[in-house]
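Read the structure below first, then the notes.
Values in this text are rule-based calculations from the coordinates and carry no lab data. Note that the structure is predicted; figures quoted are calculated from it, not measured. We place every Cβ from the backbone using ideal geometry, glycine too, and count neighbours over all the protein chains shown.
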Amino acid sequence: EAAVTQSPRNKVAVTGGKVTLSCNQTNNHNNMYWYRQDTGHGLRLIHYSYGAGSTEKGDIPDGYKASRPSQENFSLILELATPSQTSVYFCASDFDWGNYAEQFFGPGTRLTVL
Amino acid sequence: QEKVQQSPESLIVPEGAMVSLNCSFSDSASQSIWWYQQHPGKGPKALISIFSNGNKKEGRLTVYLNRASLHVSLHIKDSQPSDSAVYLCAVGATGGNNKLTFGQGTVLSVIP
């Protein structure tokens, strides 16, 4: 089964600080995604990538940057963290089968911004 | 932008009951519909998918898709306490990419 790992699993940050969330997948998937999950909103797409060196804006990209330095790694960067970015963040990956690929999710990172 | 709405928000059923979860979406041209299951403290995991109008059965799960009414439902037969989780409906975008839009989820509790 596809394996997606995230680090850290829990993070407490201060307002205005920089936060980097990391994601690694060892299944040679082309596509990777970052979501946040909040009560009442389900999962919302922040950024995604089609392969190394590419990043695309999702539905709620404001306040976030992404980096895909290699096929395996995809990072989410909060340059100036704010309390509204307190959430659980999930990374996912899939093969490039067009519209029909199953997304495999990591275990999530719980971020608290004080 | 695709909109996905799920109902009910939460559901409590006794063990062995049939469970019915509903999902409505806004774009009839959406390519794929997925149901994901999420246990507390875990990432979502795909349960079943459907791409064409009609129904699909896998074990205790059956999914019905009606593109004309923009509605999809998931039915779980003989529910078990281990089925207690959040169920997320996700709709795939048109245009050749695999972007998914998720509903807000239904919290299912199966009581022994």
Using a Förster radius of 45 Å, what is the FRET efficiency between B:His39 and A:Ala52 based on their Cβ-Cβ separation? Nearest 0.05, please. 0.90
Percent relative contact order for chain A, counting Cα pairs under 8 Å at least six residues apart, stands at 35
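Indicate, rounded to the nearest 5 percent, the antiparallel portion of the DSSP beta bridges found entirely in the protein assembly as shown.
Rounded to the nearest five, the antiparallel share is 90 percent.
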B:Glu15-B:Lys56 pseudo-label distance in nm [points 7 Å out on the Cα-to-Cβ vector]: 3.1
Connecting every pair of Cα atoms under 10 Å apart in chain A and solving the GNM, the largest mean-square fluctuation among A:Gly58, A:Gly17, A:Gly42 falls on A:Gly42
Cα-only radius of gyration and Dmax that characterise region A:1-75, units Å: 12.8, 38
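Checking the a/c ratio against 1.5 first, then a/b against b/c, what shape does the Cα gyration tensor give for region B:33-105? Working shown, then result.
Working: a/c = 2.23, a/b = 1.27, b/c = 1.76.
Oblate.
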Here Rg/Rh (Cα, Kirkwood) for the protein assembly as shown equals 0.97
Under the Karplus curve 6.51 cos²θ - 1.76 cosθ + 1.60, θ = phi - 60°, whole-Hz ³J(HN,Hα) for region B:22-36, x wherever Gly or Pro sits: 10, 8, 10, 9, 9, 10, 5, 8, 3, 7, 9, 10, 10, 10, 10
As straight-line cross-link partners of B:Lys45, the qualifying aspartates and glutamates (C-alpha separation under 15 Å, not fewer than 8 residues apart within one chain) are A:Glu1, A:Asp94, A:Glu102, B:Asp83
